[in-house]
Amino acid sequence: MSESARLCGALPPEFSRPVIDRTRPVRFRLNGRAFAGFEGDTIFTALLANGVHTAGKFGADSVALDAYTAPPIALEGNEGRPDLAMPMTICPAVNGASLVSAGPVPAVTNTLAARLLPRRKDTLGLVYKTGAAEPGGWIDSAATRTIWADVAIVGGGVAGLSAALAAARKGLRVCLVEKETTLGGLSEFFGKAEGEPDPEDTISQLASQIGESGLITLLLGTMAFDLSGKSIRAIRVLRTGALPQPEHLSITADTIVLATGMVGRMPIFSGNRLAGVDEASAAWRLAARHNIWPGASAHIHSTTNAGYRMALLGAASGKSIARTSDPRIDPQTRFIEFCKAYGYRLGWGMTIESAVPARRAGLAIHLANAENGAPADDAISCDRLIVSGGWQPDLDLWLKASGPVRWDGKAQTLVPHGPLDGVVLAGSVAGYLSLAGCIAHGKAALQTALDGQDRRVDDPRIDPVFDTPDGPLLVSRPGQPNTAAAFIAPGASGALSAPAARGWARLAGPQQNHASAALAGPLGPLEVVGEIVAQRLDPALAPTLCAERCILPRTLHRSADNAPFSAHVPEGIPLFLEHRFGADQVQWLVIVGQPRHFDPGCLVFANTDHRSPLEAIGVVLADEGDRLRVLLANMAMTPGATVYIRDGLTVLAARLERTV
């Protein structure tokens, strides 16, 4: 296949230093299909460069091939060995390798016509059970190598580099883990601010000092996927001979620094996971690291100032920028001024209503007024839609290690809330945004980890008069039947479905079976954020939900020792309800307004409008005749207060009598 999505010709400086070597082509096979790439590509980036932009189907919806849907892969012949599965996003493209995907299965062609028609070359043709690829076998595999260090750092941005150097200067052994094969994170994406050094120069200086230190073990191209106690689990892909092989790592350290940065949020609109719709920072990484930019034209939609840089960089790379749009009114930033100077058409006060595949190729983008929802007159035709919906601190490992969080309603983000023994956060994941602030906080976080004294550092910001704050994460609910679902986050299973067809429209054909609208299975931080912003989850429940569901979905195995384990659980409370409604949950006796038998497990709510289990404030433990014994969250309620018990479709009021 030809590399139709690769940038070429004169490129801006940020895109002129890719990790690929165009003088060293490679060829490999995946699921029997031949692909081409360059030395430095991963299997994932090589597929995108070859024009494979769709992963397959989730329900009725096509989903793009991205970091969330990229399936685990293995060498052909190793399909039955979960321990030999590799993440597609970090597996190098190796000449002569023959690989197969694991997890999502290829779509079955049941008809003769489907078997005779030529296969689409732009899709892997997989069928997904959830909104993301199934977890790879590495999450259940034993470590094949253990690394011991005084300090382990996850994240090779400027904060992580600064923390590593600060530890090395104290004579401590450091292990620095970075998923990418380059250092610096997203510092260059955000651009140079007035009064700050150039991000490229800063990264180069820090990286040079890292290389000169004899105490820092640097693991590039290594994905950390779990954190428990003082141990980080990670996987990387090595070349054993001429072929790639996984290496399972356990990194143990007394002090762990998470400098994991931020992840881009995706606005919620119909078609937001179609091929050709890309989050801005992910699009920048593809262009900067691997010179990948599909299509000749793009529309840029941004609620952030940094998002406008993709319009400037795209135009400088020879791409046609159809238009930019922003839900904010008259936003101010130096990047917008540059866009004005280039004569780009700017649309303010506009949000995306939907994205749909165009009749021939590309996308048709429908905009709407951000305040009243009135649709714009004409659709915008383009090959690619690049969106920037704001930022969420990357708390994935923090949550897996049981780190506490809270909801920041103003910023619409989950933020850390309180300490975690042996683990500290550094840089933008801790709320620092400037280059200088992240570097300074990397040093401060390391010192905090060593002596327990919290330290704040300066984080210079541009005056809001000249740099408008980022806008909110907006939600455009699908308005027409049989339109694409609006997924609540990248990789999410939950989506806002279009309304059901009514009247004669029902005769036009079967209704599309979109993604589930309910929360199910393990969740990521972005999914929790999306559920809150879409008003499907009470923000007050976010900390509990994150503690319960932001986990690694390991396979459970029967223990050889069947003896019960000891655990302290208050009398009358099943083990699985321990801390279910908070650490200080309380048992009450309640009197129901009318005679009725309630089975244990019936949920208790604060009002009659609530019905979701996530909104429950308690549960029935036992029916004691004229009273019920219930377990309630500690909400400072007093005897005589009213709660509501739901049994199926019936809701009855109950009066609190006394605590037990």
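The values are calculated or read from the model by the stated rules, or taken from the named source; none is laboratory data. Given the structure is predicted, the values throughout are model-derived calculations rather than measurements. A quick note on method: Cβ atoms are made from the backbone with ideal geometry, for glycine too, and the neighbour counts reach across all protein chains shown.
Identify the single condition in (1) part of a strand (DSSP E or B); (2) under 25 Å from residue 537 (Cα atoms); (3) out of contact with any helix residue (DSSP H, G or I) (no Cβ under 7 Å at 6 or more places or on another chain) that residue 655 does not satisfy, given that it satisfies every other one.
So the condition that residue 655 fails would be (2).
Given the criteria in contact with a Cys (Cβ under 9 Å, 6 or more places away or on another chain), within 24 Å of residue 524 (Cα to Cα) and in the same structural domain as residue 227 (by TED's automatic domain parsing), does residue 427 qualify?
Considered against the rule, which asks whether it is in contact with a Cys (Cβ under 9 Å, 6 or more places away or on another chain), within 24 Å of residue 524 (Cα to Cα) and in the same structural domain as residue 227 (by TED's automatic domain parsing), residue 427 comes out as yes.
List the number of the failed condition for residue 576; all other conditions in (1) buried (at least 16 other Cβ atoms within 10 Å of the Cβ); (2) at pLDDT below 90; (3) under 31 Å from the mean Cα position of the chain (by Cα); (4) not charged (D, E, K, R) hold.
Failed condition: (1).
Quick check on my filter: what residues within the stretch 525-546 are of a type in the set (A, V, I, L, M), out of contact with any strand residue (DSSP E or B) (no Cβ under 7 Å at 6 or more places or on another chain) and surrounded by 23 or more Cβ atoms within 10 Å (Cβ to Cβ)? Break it down into steps so the answer makes sense when it comes.
The first filter runs over the stretch 525-546 and keeps only residues of a type in the set (A, V, I, L, M), leaving 526, 528-529, 532-534, 537, 540-542, 545.
Filter once more, so that each one left must be out of contact with any strand residue (DSSP E or B) (no Cβ under 7 Å at 6 or more places or on another chain): 537, 540-541, 545.
Of everything in the stretch 525-546, just one residue is of a type in the set (A, V, I, L, M), out of contact with any strand residue (DSSP E or B) (no Cβ under 7 Å at 6 or more places or on another chain) and surrounded by 23 or more Cβ atoms within 10 Å (Cβ to Cβ), namely 537.
Do you know which of the residues in the stretch 219-253 that are within 15 Å of residue 172 (Cβ to Cβ) and modelled with pLDDT of 95 or more is surrounded by the fewest Cβ atoms within 10 Å (Cβ to Cβ)?
252
Can you say whether residue 306 is surrounded by fewer than 22 Cβ atoms within 10 Å (Cβ to Cβ), in the same structural domain as residue 278 (by TED's automatic domain parsing) and modelled with pLDDT under 90, as far as the supplied structure shows?
no
Within the stretch 438-461, does at least one residue satisfy the condition of being among the small types (Gly, Ala, Ser), part of a helix (DSSP H, G or I) and at pLDDT below 95? Steps first, please.
Residues of the stretch 438-461 that are among the small types (Gly, Ala, Ser), as a first pass: 440, 442, 444-445, 449, 452.
Going one step further and asking which of them are part of a helix (DSSP H, G or I), we end up with 440, 442, 444-445, 449.
Filter once more, keeping what is at pLDDT below 95: 449.
Looking through the stretch 438-461, at least one residue is among the small types (Gly, Ala, Ser), part of a helix (DSSP H, G or I) and at pLDDT below 95.
Being touching a Ser or Thr at 6+ places or on another chain (Cβ under 7 Å) and among the acidic types (Asp, Glu) is the filter; apply it to the stretch 33-92 and report the residue that is nearest to residue 363 (Cα to Cα).
For the stretch 33-92, the residue satisfying everything is 76.
Looking only at the stretch 325-339, count how many residues are surrounded by 15 or more Cβ atoms within 10 Å (Cβ to Cβ) and closer than 17 Å to residue 301 by Cβ.
Of the residues in the stretch 325-339, 9 are surrounded by 15 or more Cβ atoms within 10 Å (Cβ to Cβ) and closer than 17 Å to residue 301 by Cβ.
Might you let me know whether the stretch 162-178 holds any residue that is out of contact with any His (no Cβ under 7 Å at 6 or more places or on another chain), buried (at least 18 other Cβ atoms within 10 Å of the Cβ) and among the acidic types (Asp, Glu)?
If we filter the stretch 162-178 for residues that are out of contact with any His (no Cβ under 7 Å at 6 or more places or on another chain), which is where we start, we get 162-178.
Applying the additional criterion that residues be buried (at least 18 other Cβ atoms within 10 Å of the Cβ) yields 162-168, 172, 174-178.
Checking the rest, the ones that are also among the acidic types (Asp, Glu) come to 178.
Among the residues of the stretch 162-178, at least one is out of contact with any His (no Cβ under 7 Å at 6 or more places or on another chain), buried (at least 18 other Cβ atoms within 10 Å of the Cβ) and among the acidic types (Asp, Glu), which makes the answer yes.
Applying the selection to the stretch 59-93, what residues are more than 15 Å from residue 487 (Cα to Cα) and not in a loop (DSSP other than H, G, I, E, B)?
73, 74, 75, 82, 83, 84, 86, 92
Which of the following residues is in contact (Cβ under 8 Å) with a residue 12 or more places away in the chain, assigned by TED's automatic domain parsing to the domain that holds residue 400, farther than 22 Å from residue 439 by Cβ and more than 21 Å from the chain's Cα centre (by Cα): 147, 216, 232, 210?
147
Considering 108, 127, 158, which residue is at pLDDT 95 or above and among the aliphatic types (A, V, I, L, M)?
158
Can you find, within the stretch 382-404, the residue that is nearest to residue 251 (Cα to Cα) among those that are more than 16 Å from the chain's Cα centre (by Cα) and surrounded by fewer than 23 Cβ atoms within 10 Å (Cβ to Cβ)?
Initially, the stretch 382-404 is screened for residues more than 16 Å from the chain's Cα centre (by Cα), giving 382-386, 401-404.
Add one more test, that the residue is surrounded by fewer than 23 Cβ atoms within 10 Å (Cβ to Cβ), and what stays is 383, 401-404.
Working: 383: 43, 401: 14, 402: 18, 403: 19, 404: 23 Å.
The selected residue is 401.
So residue 335 passes all but one of these: (1) part of a helix (DSSP H, G or I); (2) within 22 Å of residue 49 (Cα to Cα). Which condition number does it fail?
For residue 335, the exception is condition (2).
Would you point out the residue of the stretch 396-422, among those that are touching a Leu at 6+ places or on another chain (Cβ under 6 Å) and part of a loop (DSSP other than H, G, I, E, B), that is nearest to residue 488 (Cα to Cα)?
412
Kindly indicate which of 318, 295 is touching a strand residue (DSSP E or B) at 6+ places or on another chain (Cβ under 9 Å), more than 27 Å from residue 467 (Cβ to Cβ) and not in a strand (DSSP E or B).
After ruling out the rest, the residue left standing is 295.
Report, by residue number, each residue of the stretch 235-272 that is at negative phi and under 18 Å from the mean Cα position of the chain (by Cα).
Passing the criteria: 258, 259, 260, 262, 263, 264, 265, 266, 267, 268, 269, 272.
Could you please find all residues in the stretch 627-660 being more than 9 Å from residue 590 (Cα to Cα) and of a type in the set (Asp, Glu)?
Listed by number, the list holds a single entry, 647.
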